[in-house]
1. What ranking do A:51-60, B:121-130 get when scored by the average of other Cβ atoms within 10 Å per residue, highest first?
2. Counting helices only, and only those DSSP H runs with n ≥ 4, report the 222 nm mean residue ellipticity of chain B as the sum of -39,500 (n - 2.57) divided by its residues, in deg cm²/dmol to the nearest 500.
3. Which Rg and Dmax, in Å, describe the Cα atoms of chain B?
4. Applying 1/(1 + (r/R0)^6) with R0 = 56 Å to the Cβ-Cβ distance of residue B:46 and residue A:43, what FRET efficiency is obtained, to the nearest 0.05?
5. Which three semi-axes in whole Å describe the equivalent ellipsoid of the range B:286-359, each the square root of 5 times a Cα gyration tensor eigenvalue, listed largest first?
6. Determine the shielding of peptide A:22-32 by partner chains: average, over its residues, the number of Cβ atoms on other chains within 10 angstrom of each Cβ.
7. Expressed as a rounded percentage, what relative contact order does the range B:207-260 have, with Cα pairs under 8 Å and six or more residues apart?
8. Please give the direction-averaged projected area of the C-alpha convex hull for the protein assembly as shown, in square nanometres with one decimal.
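Every read-out reported here was derived from the displayed coordinates using simple, explicitly stated rules and does not represent laboratory data. As the structure is a prediction and not an experimental result, all values here were calculated from the model. For neighbour counting, all protein chains shown are included, and Cβ atoms are generated from backbone atoms with ideal geometry for every residue, glycine included.
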């Protein structure tokens, strides 16, 4: 199962991930990401990888287990 | 009637036969001679013997998370550093300091046995307070063993396992962002009571250890009982003892609510049948009792504000979410509080936001009538401070 994981100590609420992955990542009232609970589908992987690479705080990663 | 644990020396009592607390009815502190007379010498152990023993008695960590200790030992490589976590940052808990001050040799025995089994390079006991540090140093000098005592800075999340290791290594005492297991760093860390239980188990062996407690969770455990009780203190009980027995022994005549597991635990109605097990959320063993002489909502407001202030501030959902939650609770905004609690859950580097959310959510469910009464003009009761909050 693959999911998106957040290093909360790095995330500064830049909001980019939510713009790149609408539907998977929403924002709370302070601009911090709220992740959808369901696992990452294969057809989403390219977009998810792109969002991970573009996070200004390098706070996102793929978690495979 | 009401007592919080501001007292530097908690009273100890037991239900059933004491193990960790054997001799504490006679001695203020068991020095090495008294310890040996009471418990006998520490049996020799090695990795395979210790792992088998701990597996057979299903010993779980006593710091709150309840991780199986045998599994932790198996995952830790030889040459590791053994850290005994005595930082006890939970305001309503006093059990670890009680063990360190009054039965320090039991803790040292457990730490030395684990260190021998792992061929550890170093044994460290980390404490927050000077008195426990002094008691340990005295005990160490009585038996000429190489154990380091480190007195670390206070703070609720500073006692979290990975935060503590980081602080001891010279870094900031806050949880790291990635959830790597300590074993990967060559560190074995557990709570003070876990090591004391190892010392007891090595002497009793698996069969006698299982003579008391529940089938799934054998043996005894320590509770810290506080709040609206006539006899507050640190109590050794067989695991699985019903809450009602502890409440009557502590003389809680009219309990209204009980907090089980501390300020990351849950508010429960004082149902006599609740078995005190880690399965039932016992955590680090905190039992805090509220009665109808205090404003329960006011007590909740104080603790929630304290929890918010304990955020290390490094994770946004905790840094902003917990103060918002505390504000909701203070205003009696039930819907807002439930929403902010749900939003904090699972969104941090450590379990502080999850624990705070669990604490508040369980309280709000239990206190629905109380909150309604406040909306209608208040309950007319003072906030007595039955729940301890550090200044």
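1. B:121-130, A:51-60
2. Calculated at 222 nm, the ellipticity per residue is -12500 deg cm²/dmol.
3. 20.6, 66
4. Working: r = 53 Å, r/R0 = 0.94.
With R0 = 56 Å, the Cβ-Cβ based efficiency is 0.60.
5. Numbers: eigenvalues 92, 37, 21 Å².
For the range B:286-359, the ellipsoid semi-axes come out as 21, 14, 10 Å.
6. On the way: counts 0, 0, 0, 0, 0, 0, 9, 6, 7, 2, 9.
Mean shielding by partner chains, rounded to a whole number: 3.
7. 30
8. In nm², the orientation-averaged hull projection of the protein assembly as shown is 22.1.
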